[in-house]
Amino acid sequence: MHRAGPLPGLSELMAEVSLTLAACTRPAEGAPLGGDLYDVVRAPAGPRLVLGDVKGHGPAAAPLAEAVRTAFRQAAATEEDPARLARVLDARLAPALGPEDFVSLLVVDLRPDEIHVVNCGHPPPLRIGRRITPLVLPHASPPLGLNPDPCVRRVQLRPDQRLLLHTDGLTEARDAEGACFPLDRRALAALTAPTLDEAIDRLLGLLHRHTGHSVPADDLTVLLLQQRGVAAADRVGGGLGGQSRELPNRRR
């Protein structure tokens, strides 16, 4: 495991929308590179984040992951609509995708008052509060390479909540009996640690104990966000209760 290095200009971009982000990436089998990718760029309406997972893992999957990141950087800064951006990426990547290749992808537009999520075949974001709530889209889109048809989900994130984005290296990690890693009360307790970095470290500690392996069999990336400057009384898991207000979903 290693903490993902800061992306250029990330702190400034996140400060524009009063959010803070911690990230950790862990390629499969101890390799230096793998098939997961994430990036944040300035889009027309503010910071735009991508988290992707290409078919395969480890060094063999790294070139396609880099191609996705490059295509995102080229298109994300000028395309206003995040759902249309996913279709643009699908078209641009078509020459690089073999007949059995695909890329699961989240595009997340970060704004001061709400977050817009586009999901193309990726594990859903998880809202962390008094419980772990998957933000599942009512209309599921296939991954890139398999005719994606994405829509946009608009949600709000309160000061007492966090947002976890992850690749399937988290939820599909298995123990000796073949059981997947559970998002249970222990995971919730880990994810509500006082700081984002502590939360990620505790979550991956649980994952290591679950699998019994310090070197993962699959690539893993986790990103954790919350509002900047959250007071102690309003930390995740305490303070305000209830559910955050959902805004209407929009097909694009």
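The values are calculated or read from the model by the stated rules, or taken from the named source; none is laboratory data. The structure displayed is predicted, hence computed values, not measured ones. Counting neighbours? That spans all protein chains shown, and the Cβs are built from the backbone with ideal geometry, glycine included. Protein only, heavy atoms only, side chains kept; ligands, DNA and RNA dropped before computing areas. Shrake-Rupley method; radii C 1.70, N 1.55, O 1.52, S 1.80 Å.
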Legend entry - Breaking point among (1) outside any loop (DSSP other than H, G, I, E, B); (2) free of Cβ contacts under 8 Å to residues at least 12 places away in the same chain; (3) among the acidic types (D, E), for D197: (2)
Inset, instruction - Answer yes if at least one residue in the range 13-30 is farther than 21 Å from V215 by Cα, free of Cβ contacts under 8 Å to residues at least 60 places away in the same chain and open to solvent by less than 10 Å² (accessible area, probe 1.4 Å), and no otherwise. - result: no
Inset, instruction - Would you check which residues across the range 39-88 are open to solvent by 40 Å² or more (accessible area, probe 1.4 Å), out of contact with any Asp or Glu (no Cβ under 9 Å at 6 or more places or on another chain), over 21 Å from L146 (Cβ atoms) and aliphatic (A, V, I, L, M) and list them? - result: A77
Inset, instruction - Please work out which residue is farthest from P95 (Cα to Cα), limiting yourself to the range 147-181 and to residues that are outside any strand (DSSP E or B) and aliphatic (A, V, I, L, M). - result: A176
Legend entry - Hits in the range 97-139 - residues which are closer than 14 Å to L157 by Cβ and of a type in the set (S, T, Y): T133
Inset, instruction - Would you mind stating whether E66 is touching a strand residue (DSSP E or B) at 6+ places or on another chain (Cβ under 6 Å) and under 29 Å from E12 (Cβ atoms)? - result: no
Legend entry - Of the criteria (1) assigned to a loop (DSSP other than H, G, I, E, B); (2) at pLDDT 95 or above, which one A187 fails: (1)
Inset, instruction - Output the strands (runs of 3 or more DSSP E) that fall wholly within the range 89-146 and possess 2 or more residues being touching a residue at least 12 places away in the same chain (Cβ under 8 Å) and open to solvent by less than 10 Å² (accessible area, probe 1.4 Å), or say none. - result: 103-110, 115-120, 126-128
Inset, instruction - For A75, indicate whether it is of a type in the set (G, A, S), over 14 Å from the mean Cα position of the chain (by Cα) and over 15 Å from G35 (Cβ atoms). - result: yes
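Results for (1) more than 15 Å from the chain's Cα centre (by Cα); (2) closer than 18 Å to S141 by Cβ; (3) of a type in the set (F, W, Y), shown as yes or no for each residue.
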{"position": "G56", "(1), (2), (3)": "yes, no, no"}
{"position": "E79", "(1), (2), (3)": "yes, yes, no"}
{"position": "D90", "(1), (2), (3)": "yes, yes, no"}
{"position": "H116", "(1), (2), (3)": "no, yes, no"}
